[in-house]
Amino acid sequence: MADTKSREERSTNMAAIRSKDTKPEVYLRKLLFSNGYRYRKYSKSIYGHPDLWLKKYNTAVFVNGCFWHRHKGCKYSYMPKSREDYWEKKFESNMARDEKTKEMLAKDQHKCLVVWECTINNAKRYKEEEGLLLERIIRFLNSDEEYNEF
Ligand SMILES: [Zn+2]
């Protein structure tokens, strides 16, 4: 098959694929690990291969980049100024995939937590925010809630 994609398209395709071991992910892992929480990374047996799988809490955790996953109302979720049609499609397919993952996890009766990149950046910057983030995660893990994001 001829490769008709532009360099730009190709590199954005690559970037849209969930990249592993991103900085926010590594940060969240360290935060949880140092507080005694144990997990698997990218578990192959769980739909969507979540960034973290906490078996004990039956919970999949995704660290979502605000731009790629379109964090609603977030300043990092801006629309690029050129080639809007292209981006529109790209974002729609990313969001559809996230929605599907959420549904499949619910169907499999797993809990699902999304932690946005901007929340993590705040936690990294301010100690109090870090404490609050950890608290919210622990509260979710121990709740009956199926899904949450913050
Ligand atoms: Zn955000």
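The values are calculated or read from the model by the stated rules, or taken from the named source; none is laboratory data. All figures in this text were calculated on a predicted structure; none of them were measured in a lab. Glycine also receives a Cβ, built like all others from the backbone with ideal geometry; neighbour counts cover every protein chain displayed. What goes into the accessible areas is simple: the full protein's heavy atoms, side chains included, and nothing from ligands, DNA or RNA. Shrake-Rupley method; radii C 1.70, N 1.55, O 1.52, S 1.80 Å.
Out of all the residues in the range 21-72, which are acidic (Asp, Glu) and open to solvent by less than 30 Å² (accessible area, probe 1.4 Å)?
Glu25, Asp51
Just for the range 89-130: of the residues that are within 16 Å of the ligand (Cβ to nearest atom) and not in a helix (DSSP H, G or I), which one is most open to solvent (accessible area, probe 1.4 Å)? Lay out the reasoning, then the answer.
The first filter runs over the range 89-130 and keeps only residues within 16 Å of the ligand (Cβ to nearest atom), leaving 91, 94-95, 98, 113-126, 129.
Adding the requirement that they be not in a helix (DSSP H, G or I) leaves 113-116, 126.
Values: Leu113: 0, Val114: 11, Val115: 0, Trp116: 16, Tyr126: 106 Å².
It comes out as Tyr126.
Can you tell me which residue is farthest from the chain's Cα centre (by Cα) among those in the range 137-147 that are of a type outside the set (Phe, Trp, Tyr) and crowded, with 16+ Cβ neighbours inside 10 Å?
So the residue we want is Leu141.
So that you can scan it fast, the table gives a plain yes or no per residue for (1) closer than 16 Å to Asp98 by Cβ; (2) within 16 Å of the ligand (Cβ to nearest atom):
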| position | (1), (2) |
| --- | --- |
| Leu28 | no, yes |
| Asn35 | no, no |
| Ile46 | yes, no |
| Pro50 | yes, no |
| Tyr57 | no, no |
| His71 | yes, yes |
| Ser77 | yes, yes |
| Lys81 | no, no |
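Kindly check whether there is at least one residue in the range 100-120 that is touching a residue at least 12 places away in the same chain (Cβ under 8 Å), of a type in the set (A, V, I, L, M) and more than 18 Å from Tyr39 (Cβ to Cβ).
yes
Would you confirm whether or not the range 7-14 contains a residue that is under 14 Å from the mean Cα position of the chain (by Cα), open to solvent by 30 Å² or more (accessible area, probe 1.4 Å), of a type in the set (Asp, Glu) and modelled with pLDDT under 95?
Among the residues of the range 7-14, not one is under 14 Å from the mean Cα position of the chain (by Cα), open to solvent by 30 Å² or more (accessible area, probe 1.4 Å), of a type in the set (Asp, Glu) and modelled with pLDDT under 95, which makes the answer no.
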